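Participant: Have a look at this one before I ask anything.
The values are calculated or read from the model by the stated rules, or taken from the named source; none is laboratory data. Just so it is clear, the model here is predicted, and its values are computed rather than measured. Reconstructed Cβ throughout: ideal geometry from the backbone, glycine too, with neighbour counts over all protein chains shown. Note: accessible area is taken over every heavy atom of the protein model, side chains too, but ligands, DNA and RNA are not part of it. Shrake-Rupley method; radii C 1.70, N 1.55, O 1.52, S 1.80 Å.
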Amino acid sequence: MSTPNQGLYTLATIIKRLEAVASRFEDLEETARSRTSKRQSISTVADVPEPPAVHSPRPESQIPPTVVVQPLSPPSVTAFDAIVIDGKLRAFVELTKAFAPQFLVDQVTLFADELNLLRSLLLTAAACKKPDQKAFMELLGPLQAAIERIGRARVTHGKETAWINHLSAVAEGAPCVGWVAVEPKPAAYVNDIKDSVKFFTDRVLKEYKGKDPKHAEWVQAFLAILDEMKRYVLENHPVALAWNASGVPVSEYKAPSPTPAAPDAAAPPPPPPPPPPPPPPTEVVAAAPAVSGPAAVFAELNRGAEVTKGLRKVDKSEMTHKNPALRASSVVPASTATSSGKKPVKPAKPHALMGKKPGKFALEGNKWLIEYHENEPALEVSGVEINQIVNIFGCKNTTVVIKGKVNAVTMLNCTKTSVLVDSVISSVDITKSASFALQITGTAPTIQVDSTDSGQIYLSKACLGVEITTAKCSAINVSVPVEGEEDGVFQEQAVPEMLKTVVQGGKLVTSVVEHVG
């Protein structure tokens, strides 16, 4: 049985133990306070040698992200830099600065800026999946604006007759970037642009032949850019502009702007030890959206059959593989009705990059220049002389009436254009002008038609001795006056298109195939 003294002894022992515990807690609290005060003093005092040793691991841990931020250019962009930008463009710009006037240098600089815009589009295509038509048109907006700026440079300095062909050549070559909107043969489009450019570069070569070799070098350098552009397209985008099937949507692609700024932002943190810790969290946060892009794509793919919900059935009239007209324009019409009766004419330039150029009607030297006129019912060229040449280029739905005798008439890259001429001394040349009409009321010794589909030629009784030469043409008809009938009565005859070639005596003998019965 316990006594009162034993109970008091036990109570005193418990009180001592509680005091010891309380003292221990006070010691721990004091120790924590001292450590906190030391950390605060370290962060505020800059001349203490210990802080760098404590915080040095943090900056080192942030070095890898700054290295990762520097991306390598995609192979297609690297090839574009090597083949076009560094390979030909830089030398062409330097050559222009060496001998050309400032206004031509400015135009060539605009052309170089245009190719840099094309490079940015190639970067986007390498990182993003193919966008819809509306988003793609927005991407093409800067290129279209660049083409218009280059064209305006020719119009602004059109009075500089000594350099008008140089300005025109660069302006005609500007749409070469339009291959990004062409399917399925973008390289052929670049070649067509080169043919248009040669119309003016040949004039430069002829004008400065034996005078200044720098002009010939300039022409060769510019044509070399188009040749290398064609080679690049054949090697990297043979069917169409190549997109990244596993890339992010165009709306989420923002890599071009932060890429050059990343190295500059990473450079300042290392010198002062305290500042580096705040910037790394901001870099990590900025990198998070890039990670969310692919994650969003995979999340969309994981929906399975749910992805196709809400899609409507495509009508046959809207299928590009069954309607050439849709492939030519890259735009599905709002109405489902299509004109199946007529064969669609492939445009010379993609509609996405076509901009209406100002018309030109002027006499420069001994040459009449009639360019880029549309829906003109009667453009009259009067007061001509026998040593003058009439050049018709890029016209559409236009009728040109030439009153008098001229040396020659040329028509290039026109559509549904009619020419009425009295007499021609040398020849009438028609190239790449679909659905043309030519009427000669006087005489002409030669008519040459090249790379043209559909055309009508009306001859007078005095012009029956003309020689008509055709190459790579189809549906060319010649109307000759009927003997014994009044003026205006013609008989239409088709120019043969099917030829038969045989070997006779070791030589090729070609004759027209005749169908009997």
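Participant: Evaluate the range 245-252: report whether one residue or more is open to solvent by 40 Å² or more (accessible area, probe 1.4 Å), modelled with pLDDT of 90 or more and outside any loop (DSSP other than H, G, I, E, B). It would help to see each step written out before you state the result.
Facilitator: Just the residues of the range 245-252 that are open to solvent by 40 Å² or more (accessible area, probe 1.4 Å), to begin with: 245-246, 251-252.
Next, from what is left, pick out any that are modelled with pLDDT of 90 or more: none.
There is no residue in the range 245-252 that is open to solvent by 40 Å² or more (accessible area, probe 1.4 Å), modelled with pLDDT of 90 or more and outside any loop (DSSP other than H, G, I, E, B).
Participant: Turning to a different aspect of this structure: Restricting attention to the range 385-411, which residues are assigned to a strand (DSSP E or B) and open to solvent by 20 Å² or more (accessible area, probe 1.4 Å)?
Facilitator: Here is the first cut: in the range 385-411, the residues assigned to a strand (DSSP E or B) are 389-393, 396, 399-411.
The answer is Ile389, Lys396, Thr399, Val401, Lys403, Gly404, Lys405, Asn407, Thr410.
Participant: Exactly one of these conditions fails for Arg231: (1) under 20 Å from the mean Cα position of the chain (by Cα); (2) among the basic types (Lys, Arg); (3) closer than 22 Å to Gln107 by Cβ. Give me its number.
Facilitator: The number of the failed condition is (3).
Participant: With (1) over 19 Å from Leu122 (Cβ atoms); (2) surrounded by 22 or more Cβ atoms within 10 Å (Cβ to Cβ); (3) of a type outside the set (Val, Ile, Thr); (4) touching a His at 6+ places or on another chain (Cβ under 9 Å) as the list, and Ser168 as the residue in question, which single condition is left unmet?
Facilitator: Tallying (1) over 19 Å from Leu122 (Cβ atoms); (2) surrounded by 22 or more Cβ atoms within 10 Å (Cβ to Cβ); (3) of a type outside the set (Val, Ile, Thr); (4) touching a His at 6+ places or on another chain (Cβ under 9 Å), Ser168 fails exactly one: (4).
Participant: Does the range 84-110 hold any residues that are surrounded by fewer than 16 Cβ atoms within 10 Å (Cβ to Cβ), over 15 Å from Ala153 (Cα atoms) and in contact (Cβ under 8 Å) with a residue 24 or more places away in the chain, and which are they?
Facilitator: Residues satisfying the conditions are Ala91, Ala98, Phe99.
Participant: Got a number for residues in the range 169-192 being part of a helix (DSSP H, G or I), in contact with a helix residue (DSSP H, G or I) (Cβ under 7 Å, 6 or more places away or on another chain) and in contact (Cβ under 8 Å) with a residue 40 or more places away in the chain?
Facilitator: 16
Participant: Restricting to strands (runs of 3 or more DSSP E) lying wholly in the range 431-500: which have 3 or more residues that are among the small types (Gly, Ala, Ser) and free of Cβ contacts under 8 Å to residues at least 40 places away in the same chain? Full working, then the answer.
Facilitator: Values: elements: 436-440, 446-450, 453-458, 467-471, 474-481, 490-494.
By residue number, 474-481.
Participant: So the check is Cβ under 6 Å with 6+ separation or different chains; which pairs have a first residue in the range 369-397 that's over 18 Å from Asp429 (Cα atoms) and touching a residue at least 24 places away in the same chain (Cβ under 8 Å) and a second one that's small (Gly, Ala, Ser) and not in a loop (DSSP other than H, G, I, E, B)?
Facilitator: Within 6 Å, no pair qualifies.
Participant: Within the range 473-509, can you find the residues that are among the β-branched types (Val, Ile, Thr), open to solvent by less than 100 Å² (accessible area, probe 1.4 Å) and modelled with pLDDT of 90 or more?
Facilitator: Result: Ile476, Val478, Val480, Val495, Thr501, Val502, Val509.
Participant: Residue check: is Gly141 open to solvent by less than 10 Å² (accessible area, probe 1.4 Å) and in a helix (DSSP H, G or I)?
Facilitator: Here the answer is no, as Gly141 does not meet what is asked.
Participant: Does Ile476 satisfy the condition of being within 26 Å of Leu412 (Cα to Cα), among the hydrophobic types (A, V, I, L, M, F, W, C) and within 35 Å of the chain's Cα centre (by Cα)?
Facilitator: Numbers: within 26 Å of Leu412 (Cα to Cα): yes; among the hydrophobic types (A, V, I, L, M, F, W, C): yes; within 35 Å of the chain's Cα centre (by Cα): yes.
Yes; evaluated as a whole, the condition is true for this residue.
Participant: Same structure again: Starting from the range 236-256, take each residue that is of a type in the set (Ser, Thr, Tyr) and list its partners that are surrounded by 14 or more Cβ atoms within 10 Å (Cβ to Cβ), counting only C-beta distances under 7 angstrom and pairs at least six apart or across chains.
Facilitator: Tyr253/Thr124; Tyr253/Ala127; Tyr253/Cys128
Participant: Which residue is nearest to Cys473 (Cα to Cα), if the candidates are limited to the range 417-463 and must be of a type in the set (A, V, I, L, M) and in contact with a Gly (Cβ under 9 Å, 6 or more places away or on another chain)?
Facilitator: Val449
Participant: Within the range 411-421, work out how many residues are closer than 12 Å to Leu438 by Cβ and either within 38 Å of the chain's Cα centre (by Cα) or among the aromatic types (Phe, Trp, Tyr) (or both).
Facilitator: 6
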